[in-house]
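What follows is a set of notes on a single structure, which appears directly below.
The numbers here are math on the coordinates, done by the rules we state, and not lab data. Here the structure is a predicted model, which is why all the values come from computation and not from measurement. All Cβ positions, even for glycine, are placed from backbone atoms using ideal geometry, and neighbour counts span all protein chains on display.
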Amino acid sequence: MTFINYVAREINCKIVYYGPGLGGKTTNLQYLYDVTSADNKGKLISLATETERTLFFDFLPLDLGQIRGLRARFHLYTVPGQVFYDASRKLILRGVDGVIFVADSQEERLDANLESVSNLERNLKEHGFELAKIPYVLQLNKRDLPNAMTVEQLKKLLLVKGEPVFEAVATKGTGVLETLKAVARQVLVELRKSA
Amino acid sequence: MPAGRQPLTDPSNIVLYEAEYLRLKAVLAMTQKDLRADLVLLIDRSGQQIAFEGPARDVDMTALASLAAGNIAATDGLARLVGEPEFSILYHQGKHRSIHISDVAKRFSLVVVFDENVSLGMVRLKVKRATACLEEVFRGFMRKTETVDFTAKAPPGATPSIYFTDEEIDRLFSFLKPGG
């Protein structure tokens with residue numbers, strides 16, 4: 001749900017990073033936090049367990065700059081990837097404008113990726129959204145690992161609707177900005193299309 | 001929305017114009033003054049901050065709005081688990097500061113941060129009055145949002161339009177340099 005505040009001259013959008021546990025969603029946010037200047041970011045909030053697994057969500061507000069005199073502010077959220085936190089995942093999708101699916105490229109995580117995509121579809125439906133219609137990009141993370149499946153294999157199995165695909169190594173920042181940029185672009189285009 | 005236009009992905013986008021904003025601010029200011037509250041903050045349920053009043057400007061409002069929305073969402077989940085449609089009020093009592101969160105029009109929430117000199121009963125009373133006023137404002141502005149034309153025909157004072165060009169969207173990211 002985009003919030004356009006003509007008084008503060010702001011557009012506020014909500015982006016959610018979705019995907020299986022330990023896939024690198026929080027690492028994406030951490031990287032964005034690290035490379036963004038203090039003027040363009042707010043506090044990074046992590047509601048995590050003692051072992052740094054996401055318990056509820058991570059949150060990072062980013063200011064992407066001015067467009068037509070309006071400040072484009074993106075609120076980035078991650079969901080907890082672990083299967084048993086489904087109730088929390090569902091809550092975080094409330095009012096979402098765009099979704100980044102962070103897939104773990106490792107072969108042994110394929111089932112977890114597939115389960116998570118289907119879980120995303122189900123949870124979006126509960127909020128009245130259709131995955132086929134909302135801004136959505138696929139990030140193939142952990143491309144540097146030796147047991148990573150090929151891009152072609154992963155695309156064949158994980159693509160939902162011909163969405164943009166980005167290869168990433170989130171720990172090094174590779175592909176992180178490109179992924180965010182792609183979904184932000186889709187959100188803004190969607191807003192334009194609605195006009 | 002003009003005929004023939006596609007609806008938004010989520011038809012419930014919010015557009016806030018100055019007239020409504022000032023009315024909302026007036027209600028928050030009245031509540032803040034009556035309670036001498038540290039902060040009175042209005043948020044929507046996805047975690048966007050809409051307006052606030054109060055001297056506690058040192059508080060990170062964006063983070064507060066996001067965490068409050070998460071809190072509300074989790075409490076809603078709890079309510080449904082025990083067969084309640086909702087818990088309309090959340091109250092967190094601290095040693096010096098407390099937080100009272102309440103529902104406004106099923107879509108927004110009013111967050112009041114107050115100190116130990118203010119009684120909870122008084123907070124409840126003033127919040128109830130404020131909620132009725134806020135709901136009245138929201139009814140007007142949701143009607144306006146539903147009918148808004150986002151292009152050049154936007155209502156007076158609503159410019160600039162959001163018909164962004166691709167180049168304009170690209171320029172947004174100019175301060176970020178790809179890593180890797």
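Quick look at the numbers
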quantity	calculated
Packing rank of B:73-81, A:67-75, where each peptide gets the mean count of other beta carbons within 10 Å, highest leading	A:67-75, B:73-81
Too-long pairs where the Cα-Cα distance tops 22 Å, listed order kept, from A:Lys25/B:Lys106; A:Lys133/A:Lys155; A:Lys41/A:Lys161; A:Lys25/A:Lys172; A:Lys155/A:Lys193	A:Lys25/B:Lys106; A:Lys41/A:Lys161; A:Lys155/A:Lys193
Antiparallel bridges, percent of DSSP beta bridges restricted to the protein assembly as shown (to nearest 5)	60
Overall form of region B:18-149 per C-alpha gyration tensor (a/c, 1.5; a/b vs b/c)	oblate
Environment charge of B:His100, counting only residues whose C-beta is closer than 13 Å and scoring Lys/Arg +1, Asp/Glu -1	+1
Peptide A:89-96 - average C-beta neighbours from other chains (10 Å radius)	5
Contact order normalised by residue count of region A:3-193, Cα under 8 Å, 6+ apart, percent	23
Whole-number Å³ per residue for the convex hull built on Cα positions in region A:3-193	118
Overall form of region B:56-114 per C-alpha gyration tensor (a/c, 1.5; a/b vs b/c)	prolate
Local net charge near A:Gln82, Cβ-Cβ under 10 Å (Lys/Arg +1, Asp/Glu -1)	+1
For region A:153-195, the Rg and Dmax computed from alpha carbons only, in angstrom	12.8, 38
Vicinal HN-Hα couplings computed from phi for region B:91-108 (Karplus, 6.51 cos²θ - 1.76 cosθ + 1.60; Hz; Gly/Pro x)	9, 10, 9, x, 6, 10, 10, 10, 10, 10, 10, 9, 6, 10, 6, 6, 9, 10
Antiparallel bridge percentage (DSSP; both residues within chain A; nearest 5)	45
For B:164-174, mean number of other protein chain Cβ atoms within 10 Å	6
Long-range HN-HN contacts of A:Asp58 with modeled amide H, under 5 Å	A:Leu47, A:Thr78
Peptide A:36-42, shielding by other chains (average Cβ, 10 Å cutoff)	2
For region A:157-189 and region B:11-34, distance of Cα centres in Å	36
MRE, 222 nm, helices only [DSSP H, n ≥ 4, -39500 (n - 2.57), over the protein assembly as shown, to nearest 500]	-11500 deg cm²/dmol
